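*Asks:* Encoded as structure tokens, here's the structure I'll be asking about.
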Amino acid sequence: MTIELTVNGSAVSLDVEATTPLLDVLRNHLDLKGSRYGCGLEQCGSCMVLIDGVAEYSCAREIGSVSGRTVTTVEGLGTPEAPHPLQRAFLEEQAGQCGYCLSGIIISAKALLDRNPRPTRADIVAALDRNLCRCGTHTRIIAAVRKAAMSGATA
Amino acid sequence: MSDALPLSILNNRRMDKWLRFQPDRTVKLAVGKVEIGQGVLIALSQIAAEELDVGIDRIDILSGDTADAPDEGSTSSSQSIEVSGRSVRLVSAELRARILGRLAQRLNCAPEELSVEDGAFLMDGNHTGYDYWSFSGPEDFAAEIEGSAVPKPASAYKVVGQPVPRRDLIAKVTGAAFIHDIVRPAMLHARVLRQPSRGARLQALNEAAIRKAAGAAIRLVRVGDFVAFVGDDETAVQRAAAAAPGHATWTGVRVLSPLQQEAAWLRDQPSDDRHIGDPGPPAETRVVVSETYSRPFVAHAALAPSCGLAEYRGGHLSVWSHTQGVYPLRNSIADILGLKRDQVTVRHAHGAGCYGHNGADDAALDAALIAMQIPDHCIRVQWRREEEFGFEPVSTAHMTRLRAALDDAGRPVDWTAEVWAGSHVQRPVFGGTMLAHEALPAPPPPPKANDPTEANGGGGTRNGFPMYDFPAKRVIHHLALETPVRTSSLRGLGALPNVYALECFMDELAERAGVDPVVYRLSLLSDPRARLLIANVADRCGWASRGPVGSGHGLGLAWSRYKNKAAYACVAVELDVDQDIVLRRVWCAADAGLVINPDGARNQLEGGIVHAASMTLKEQVTLDGDGITSLDWDHYPILKFSEVPEIDVVIIDNPDLPTLGMGECTFGPTAAAIGNAVAHALGVRIRDMPLTRERIAAALVR
């Protein structure tokens with residue numbers, strides 16, 4: 001069936017089963033590899049995207065349920081040439097080890113800063129608790145989100 | 001001279017294996033160690049830039065490639081900077097000296113009159129018109145490395161010791177960056193139906209039901225009891241694989257019991273027994289104390305399930321893997337498939353942090369097996385979450401019983417550590433088997449129990465010997481011949497459970513002697529580097545004003561020198577215990593000699609602290625029925641953002657001492673510091689990890 005939605009600011013029309021996971025559509029139909037497979041169970045947050053501005057898991061989310069809605073992936077925030085202030089803050093803090101969790105975490109942080117531009121440490125931690133990081137980079141990630149907030153990283 | 005050369009150079013003697021000058025004025029540096037999230041590539045690049053005197057941005061590093069990079073074995077055991085870094089330093093210094101030597105002849109001057117500025121050659125400070133790119137010749141690169149050049153003194157370093165940012169993170173925060181993201185021509189997605197256990201036989205497979213579950217056309221590949229689902233629609237093969245176990249009937253599946261998930265189970269198993277250190281029997285004194293500590297089976301639990309890509313074209317098999325060792329994997333795949341080694345190329349691609357031997361190599365073999373059945377396509381195998389948890393090699397359960405004979409002052413005069421554990425390393429080149437190989441018509445013999453030698457730091461015995469000044473010390477190692485599930489290397493091997501035992505026992509002995517635990521340690525420890533770290537951390541954490549025992553608020557401290565020869569770390573942990581343990585603050589000091597990249601080092605130290613805290617508080621692989629039952633993050637919880645403490649790390653600067661591997665040095669001390677802080681908070685000791693709510697409750701009613 002044909003499903004229409006907006007991805008990273010562009011209108012997209014897809015001929016795909018309505019039950020296909022949003023993550024598969026992003027990665028395989030739209031070649032947006034920044035949203036990552038970690039569990040398929042909505043437990044780890046590697047696949048996090050913004051759906052109408054809200055951070056949501058995409059791994060078990062059926063594409064049919066986002067018809068007509070707006071999806072933003074990490075590619076929609078910035079590029080290597082022109083990174084988003086959040087992405088830049090992560091680079092400045094070197095807030096990564098393996099980096100697999102980072103795109104999902106940046107999406108969660110984006111949703112947080114959009115609704116709360118001046119979050120406390122407790123706010124940040126609460127917003128990131130749906131994301132797992134296995135390398136133990138947590139303290140740097142929290143510092144990066146704080147730094148982005150200081151620099152006014154909304155938009 | 002060559003006796004002193006590191007193994008990496010002995011195995012790769014030609015200069016062009018390591019370094020080349022490229023037409024775009026960059027320097028190709030090829031290394032065998034790979035990026036597994038530890039930031040090794042920027043550190044190795046810094047070393048080459050330093051010795052060659054070229055800008056860091058000119059270093060174009062290639063790592064882990066059996067066609068184009070040297071064979072440096074596996075990226076493991078905190079050896080990358082100690083061994084590969086030392087090699088890159090020697091190789092770079094030698095190339096520079098060789099080329100400058102020839103230039104000095106050409107210019108009829110002494111080599112000492114020449115210098116290098118971002119790759120350009122100067123004589124007495126004036127440009128000569130020559131540089132690496134114009135003046136180096138084939139003879140420089142065909143030469144055998146002799147190890148004859150003298151590297152720079154640390155006092156001359158400009159790039160080494162600086163916090164140079166990593167280059168790989170930009171892709172990781174903006175889009176495609178991992179093996180999982182590679183797209184190749186004619187690519188097909190694949191998933192595997194796993195054989196439940198070695199020796200299990202597939203009696204029946206309802207292919208029609210699996211195809212129906214897939215919902216789109218898929219292809220089934222079957223070789224012996226190895227079954228894969230392949231197609232161009234990843235969603236369909238994923239659905240097929242999720243449904244397949246319910247449509248497969250196996251015989252000969254080994255049955256597991258929850259009893260086997262506890263370390264104590266290993267005590268009654270057949271074992272290979274070794275006695276290391278001072279002769280027995282242990283001395284008897286008026287007071288002999290003994291306690292037993294344990295850690296259960298734990299998982300690497302990489303955030304990304306493993307992935308492998310392979311394509312077989314024109315008689316050559318190309319494989320992409322996030323393996324720790326491209327050459328060992330190339331050899332294993334060639335041997336299993338009956339190919340010549342030069343028919344197989346393995347290239348490293350980034351994966352999620354692995355922390356040891358996880359499913360990476362197995363996924364690569366899966367892809368290779370399928371590629372041989374479907375030539376001229378790139379086969380992409382993506383493991384599922386339950387597959388990673390259920391089938392990756394886990395770290396063995398480990399039990400350590402300590403016995404100390406005390407003098408009248410309560411100080412040990414004789415120390416015995418008795419260890420029961422399965423194999424801590426079972427890589428395919430080390431007695432282990434690869435998963436899919438076991439499902440093939442000619443499976444390998446059962447894996448052989450094995451552990452690294454003492455010279456390589458040991459496995460079950462790692463950090464089993466205390467570095468304290470006890471008159472007599474010995475380790476008795478019972479290496480279990482079999483474990484209920486496959487086991488292999490995970491960050492630190494036996495170091496975490498052994499340091500947990502040792503440093504918790506030291507607190508217990510101090511308490512028995514009526515002496516402050518830090519004072520007690522220092523009275524038994526002459527190593528000056530260790531003493532400095534302990535004093536540093538004790539000072540920073542406010543040890544002198546530590547509160548009373550049993551208040552619910554705890555402060556604990558522990559230290560070790562990883563493998564008793566790598567980096568030193570001391571860690572203090574402050575926490576509260578109510579029903580659960582809440583970590584508040586962690587202080588760490590580490591001494592790793594010359595630090596190449598202090599920012600990367602700090603990242604590794606902090607990562608080790610959080611990882612160890614997670615393992616100590618939460619982690620256990622559970623077993624039942626036909627296998628592992630901790631198959632998702634709900635059943636294998638790890639530390640979350642809200643549970644991570646504030647961490648304060650100090651690196652003791654020692655630039656004139658050799659670099660010591662540090663990726664694993666905080667692991668054991670963190671676990672033991674938590675154990676000691678919990679005992680301080682509760683007034684009772686919990687000796688079996690993980691320190692769960694149930695264990696706390698049980699300890700309090702004891």
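Since every read-out is calculated from the coordinates, none of them should be taken as a lab result. Small disclaimer: the values here were computed from a predicted structure and weren't measured. For neighbour counting, all protein chains shown are included, and Cβ atoms are generated from backbone atoms with ideal geometry for every residue, glycine included.
*Asks:* To make sure I understand, if each residue's beta carbon is the centre and we count other beta carbons within 10 Å, what order do B:Trp633, B:Trp133, B:Trp415, B:Trp559 fall in, fewest to most? Please list the in-between numbers first.
*Replies:* Numbers: B:Trp633 21, B:Trp133 15, B:Trp415 24, B:Trp559 31.
The order, fewest Cβ neighbours first, is B:Trp133, B:Trp633, B:Trp415, B:Trp559.
*Asks:* Measure out, as a whole number of angstrom, how far apart the alpha-carbon centroids of region B:544-562 and region A:1-55 sit.
*Replies:* First find each Cα centre; the distance between them is then 48 Å.
*Asks:* Tally Lys and Arg at +1 and Asp and Glu at -1 over the other residues with C-beta under 10 Å from the C-beta of B:Leu522: what net charge comes out?
*Replies:* Surrounding charge for B:Leu522 is +1.
*Asks:* Please report the net charge: other residues with Cβ closer than 15 Å to the Cβ of A:Gly96, K and R +1, D and E -1. Intermediate values should be presented prior to the final figure.
*Replies:* Working: positive: A:Arg36, A:Arg88, A:Arg134, A:Arg140, A:Lys147, B:Arg166, B:Arg167, B:Lys172, B:Arg602; negative: A:Glu92, A:Glu93, B:Glu35, B:Asp168, B:Asp599, B:Glu606.
Net charge around A:Gly96: +3.
*Asks:* Here's another thing I want to ask about it. Over all residues in A:85-95, what is the mean tally of Cβ atoms on other chains that come within 10 Å of each residue's Cβ?
*Replies:* Details: counts 0, 1, 5, 2, 1, 5, 7, 1, 4, 12, 3.
The shielding value for this peptide is 4.
*Asks:* Charges only on Cβ, +1 for Lys and Arg, -1 for Asp and Glu: so what's the dipole of chain B about the Cα centre, in debye to the nearest 20?
*Replies:* In total the dipole reaches around 1000 debye.
*Asks:* Which residue fluctuates the most in chain A, going by a Gaussian network model with Cα springs under 10 Å, if the choices are A:Ala143, A:Ala82, A:Ala18?
*Replies:* Residue with maximal mean-square fluctuation among A:Ala143, A:Ala82, A:Ala18: A:Ala82.
*Asks:* So, one more: How well do other chains shield peptide B:635-641, expressed as the mean number of their Cβ atoms within 10 Å of each residue Cβ? Each step should come with its number before you reach the end.
*Replies:* Details: counts 0, 0, 2, 5, 5, 8, 16.
Counting other chains' Cβ atoms within 10 Å and averaging over B:635-641 gives 5.
*Asks:* Give, in whole angstrom and from largest to smallest, the semi-axes √(5λ) of the equivalent ellipsoid of chain B, with λ running over the eigenvalues of the Cα gyration tensor. Walk me through the intermediate numbers first.
*Replies:* Values: eigenvalues 335, 290, 92 Å².
Each semi-axis is the square root of five times an eigenvalue, giving 41, 38, 21 Å.
*Asks:* Related question: Looking at region B:1-87 from every direction and averaging, what is the projected area of its Cα convex hull in nm²? Display every interim value, and only then the final one.
*Replies:* Details: hull surface 23.3 nm².
Here the figure is 5.8 nm², rounded to one decimal.
*Asks:* Where does each of B:Trp420, B:Trp320 land when they are ranked from fewest to most other beta-carbon atoms within 10 angstrom? Don't skip to the end; give the middle numbers.
*Replies:* Numbers: B:Trp420 27, B:Trp320 23.
The most exposed by this proxy come first: B:Trp320, B:Trp420.
*Asks:* Nearest 5 is fine: what % of DSSP beta bridges in region B:398-484 come out antiparallel, could you say? The partial results should precede the final answer.
*Replies:* Details: 9 of 17 bridges.
Once the DSSP bridges in region B:398-484 are tallied, antiparallel ones form about 55 percent.
*Asks:* Compute the Rg to Rh ratio over region B:227-368 from the alpha carbon atoms, using the Kirkwood formula for Rh, and round to two decimal places. Walk me through the numbers on the way to the answer.
*Replies:* Values: Rg = 22.4 Å, Rh = 19.8 Å.
Ratio value, two decimals: 1.13.
*Asks:* Could I ask something else about it? In whole Hz, with x marking every Gly and Pro, tabulate ³J(HN,Hα) for region A:79-86 from phi via Karplus 6.51 cos²θ - 1.76 cosθ + 1.60, θ = phi - 60°.
*Replies:* 10, x, 6, 9, x, 5, x, 5
*Asks:* Evaluate peptide B:224-236: per residue, the Cβ atoms of other protein chains within 10 Å of its Cβ; return the mean as an integer.
*Replies:* Values: counts 0, 0, 0, 0, 0, 0, 0, 0, 1, 5, 7, 11, 3.
What the average comes to for B:224-236 is 2.
*Asks:* Compute the distance from the alpha-carbon center of region B:22-100 to that of region B:141-172, in whole Å.
*Replies:* If you average the Cα positions of each part, the centres end up 7 Å apart.
*Asks:* Can you classify region B:526-631 as rounded, prolate or oblate using the Cα gyration tensor, where a ≥ b ≥ c are the square roots of its eigenvalues, rounded means a/c under 1.5, and otherwise it's prolate if a/b beats b/c and oblate if not?
*Replies:* Working: a/c = 2.29, a/b = 1.25, b/c = 1.83.
Here region B:526-631 falls in the oblate category.
*Asks:* Counting each pair of different Cα atoms once, what's the Kirkwood radius of region B:401-549 in Å, rounded to one decimal?
*Replies:* 17.7 Å
*Asks:* Counting Lys and Arg as +1 and Asp and Glu as -1, what is the net charge of the other residues whose Cβ lies under 13 Å from the Cβ of B:Asp576? Write down the numbers at each step before the final one.
*Replies:* Numbers: positive: B:Arg584, B:Arg585; negative: B:Glu574, B:Asp578, B:Asp580, B:Glu643.
The answer is -2.
*Asks:* So how compact is region B:583-702: Cα radius of gyration and Dmax in angstrom?
*Replies:* 16.9, 55
*Asks:* Taking square-rooted eigenvalues a ≥ b ≥ c of the alpha carbon gyration tensor, is region B:150-273 rounded, prolate or oblate, where a/c under 1.5 means rounded and, failing that, a/b exceeding b/c means prolate?
*Replies:* Details: a/c = 3.37, a/b = 1.39, b/c = 2.42.
It comes out oblate by the Cα gyration axes.
*Asks:* Using Cβ counts within 10 Å as a stand-in for footprinting exposure, how do B:Thr453, B:Thr666, B:Thr345 rank, fewest first?
*Replies:* B:Thr453, B:Thr345, B:Thr666
*Asks:* Counting Lys and Arg as +1 and Asp and Glu as -1, each charge on the Cβ, what is the dipole of region A:52-155 about the Cα centre in debye, to the nearest 20?
*Replies:* On the way: 12 positive and 10 negative charges, 61 e Å.
About 300 debye.
*Asks:* Could I ask something else about it? Beyond 24 Å between alpha-carbons counts as too far, so tell me which of B:Lys158/B:Lys563; B:Lys28/B:Lys565; B:Lys17/B:Lys152 fall in that bin.
*Replies:* Details: B:Lys158/B:Lys563 31 Å; B:Lys28/B:Lys565 32 Å; B:Lys17/B:Lys152 22 Å.
Exceeds cut-off: B:Lys158/B:Lys563; B:Lys28/B:Lys565.
*Asks:* Moving on. Taking a ≥ b ≥ c as the square roots of the Cα gyration tensor eigenvalues, with a/c under 1.5 meaning rounded and otherwise prolate when a/b beats b/c, else oblate, which class fits the protein assembly as shown?
*Replies:* Working: a/c = 1.34, a/b = 1.07, b/c = 1.26.
Rounded is the answer for the protein assembly as shown, as its axis ratio a/c remains below 1.5.
*Asks:* Using helices alone, what [θ] at 222 nm do you get for chain B, with -39,500 (n - 2.57) per DSSP H run of 4 or more residues, divided over all residues and rounded to the nearest 500? Walk me through the numbers on the way to the answer.
*Replies:* Details: 17 runs with 188 residues, N = 702.
That comes out to -8000 deg cm²/dmol.
*Asks:* May I pose another question? Using alpha carbon centroids, what distance separates region A:92-127 and region B:433-489, in Å?
*Replies:* Here the two parts' Cα centres lie 40 Å apart.
*Asks:* Report, to two decimal places, the Cα Rg of chain A normalised by 2.2 N^0.38 Å (N = number of residues). Intermediate values should be presented prior to the final figure.
*Replies:* Details: Rg = 15.0 Å, N = 155, 2.2 N^0.38 = 15.0 Å.
Ratio of Rg to 2.2 N^0.38 Å for chain A: 1.00.
*Asks:* OK, next. For region B:164-174, just list the computed ³J(HN,Hα) in residue order, Karplus coefficients 6.51, -1.76 and 1.60, θ = phi - 60°, integers in Hz, with x standing in for Gly and Pro.
*Replies:* 6, x, 5, 9, 7, 6, 4, 5, 6, 9, 10
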